[in-house]
Amino acid sequence: MVDFLAQARAIEPDLTAWRRDFHRHPELRFEEKRTAGIVADHLRSLRFDVQTGIGGTGVVGQLYGEGDGSTVLMRFDMDALPIQEENDVEYVSQNPGVMHACGHDTHVAMGMGVASLLAEQRSSFRGTLKLVFQPAEEGAGGAQAMIRDGVLENPSPDYAFGIHIDATRPVGVIAIGEGPILAAADSFRMLVHGRGGHGALPEDSVDALIVATQIVNAMQTIVSRNVGLLDSALLSVCSLQAGKAFNIIPETAEMLGTIRTYDPEVQAKVHRRVKEVAEHVGGAFGASVQVQIDKIVPVAINDPQVARETRRLAAVLFGADNVEIDYRVAPSDDVAEFLNAAPGCQFILGAALHGYPHHNARFDIDERSLAFGVAFLSQVAFHYLNQ
Ligand SMILES: [Zn+2]
Ligand SMILES: [Zn+2]
């Protein structure tokens, strides 16, 4: 039995140095060139089979074991956020207005650590380890871009895994939920078309602004009246734009918003109701309404059997009391695209430092989490490669 925790701790200085280097040099979505270059060099030095430029700036490294076995894919996202860092640390971002405020710097460092540890074991596992370093997780379709470029082929994965650092859970804790754990995220855009006119002569116009507000109100009944007690959904109208002057009744109004769900049937129903409510309420006032709904990220589903098996591996490493099994949150993550392709799990790794949340200008993490993440992912990879 390989002691992956001891091995991960032995490379802790590297993990920290890598993470701090990426933190100093954050790159926005689809601009992760420097990061990707460092990753590719590291993988090549370990004799991985390396492909670059996948889905823009993505990197794929494949390590072949001895003989046939499973293909295990692990996804690590690389992008930073358009936030000006306010931390007072020696590894503060050197890139004005850009910051690793979601912790993807730690993901890249952990991926490199897993590469190092598994490269040492290449004679004791079968199958193919496929490490995927993905651009643009933050709402820009990086996973889909890589899939379009063939990341799921040659070979296609038998298992898929991902990890996200969590600044709200302590170091030494891991959460492994099962079933839907991260919501599907959709966006909608509505264009209300009325008839503009003089602010003093409403009887000659169809006021797009009034129609829009009626639609916003009526849509509040979709979650409360069309979604059952045991299901859940969220619908937020986040923008309403209409009119420019105090005395002109606006001809058009535009609304933007988001829908979050965990279940494809609930999702389809909410989409249908959003269209029906908008079009019919608009029609009642003599306006026409165009509704466009875009699916951005699907629901992320942890395979129940893989979740139970990896919890057993986690219990050895973290201690059974430190493995959380109830985990489901509202944000989304396009790791879901990989979990749709093969059974697997997205793991949530505790790394709380001082309580600032993700996407905050003072976000930071406890770096002792890195060795835990590397040890656990290496153990998971090793286990499933030899399946
Ligand atoms: Zn994020
Ligand atoms: Zn993130």
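Here Phe125 passes the criteria (1) out of contact with any strand residue (DSSP E or B) (no Cβ under 8 Å at 6 or more places or on another chain); (2) without any contact (Cβ under 8 Å) to a residue 24 or more places away in the chain; (3) not hydroxyl-bearing (Ser, Thr, Tyr) except the one numbered (2).
Checked against the criteria, Ala361 counts as out of contact with any strand residue (DSSP E or B) (no Cβ under 6 Å at 6 or more places or on another chain), among the small types (Gly, Ala, Ser) and within 16 Å of ligand 1 (Cβ to nearest atom).
When Phe76 is tested against (1) surrounded by fewer than 23 Cβ atoms within 10 Å (Cβ to Cβ); (2) within 16 Å of ligand 2 (Cβ to nearest atom), exactly one condition is not met: (1). Filtering the range 375-383 for residues that are out of contact with any Lys or Arg (no Cβ under 7 Å at 6 or more places or on another chain) and open to solvent by 30 Å² or more (accessible area, probe 1.4 Å) leaves a non-empty set. Per this entry, Ala40 is not counted among residues that are buried (at least 16 other Cβ atoms within 10 Å of the Cβ) and over 27 Å from His383 (Cα atoms). Only a single item in (1) buried (at least 19 other Cβ atoms within 10 Å of the Cβ); (2) within 29 Å of Ala314 (Cβ to Cβ) is not met by Ala10, and it is number (1).
Considering (1) closer than 16 Å to Phe30 by Cα; (2) within 14 Å of ligand 1 (Cβ to nearest atom), the lone condition that Asn95 does not fulfil carries the number (2). Residues in the range 244-272 that are of a type in the set (A, V, I, L, M), open to solvent by 70 Å² or more (accessible area, probe 1.4 Å) and assigned to a helix (DSSP H, G or I): there are none.
Condition check ((1) surrounded by 16 or more Cβ atoms within 10 Å (Cβ to Cβ); (2) part of a helix (DSSP H, G or I)) across all residues:
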position	(1), (2)
Gly113	yes, yes
Leu118	yes, yes
Ala136	yes, no
Ala143	yes, yes
Asn154	no, no
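For the range 110-155, the set of residues classified as within 16 Å of ligand 1 (Cβ to nearest atom) and among the acidic types (Asp, Glu) consists of Glu137, Glu138, listed by residue number. Of all residues in the range 330-363, those that are assigned to a loop (DSSP other than H, G, I, E, B), away from ligand 2 (no atom under 15 Å from the Cβ) and not hydrophobic (A, V, I, L, M, F, W, C) total 4. Just wondering, is there one or more residues in the range 295-307 that are surrounded by fewer than 19 Cβ atoms within 10 Å (Cβ to Cβ), touching a strand residue (DSSP E or B) at 6+ places or on another chain (Cβ under 6 Å) and in a helix (DSSP H, G or I)? No: zero hits.
Of the residues contained in the range 302-314, none is found to be among the β-branched types (Val, Ile, Thr) and more than 30 Å from the chain's Cα centre (by Cα).
The values are calculated or read from the model by the stated rules, or taken from the named source; none is laboratory data. A quick note: this is a predicted structure, and the numbers were derived from the prediction, not measured. Every residue, glycine among them, receives a Cβ derived from its backbone with ideal geometry; neighbour counts consider all protein chains shown. The protein model used for the area step is the full one, side chains on, heavy atoms only, and it has no ligands, DNA or RNA in it. Shrake-Rupley method; radii C 1.70, N 1.55, O 1.52, S 1.80 Å.
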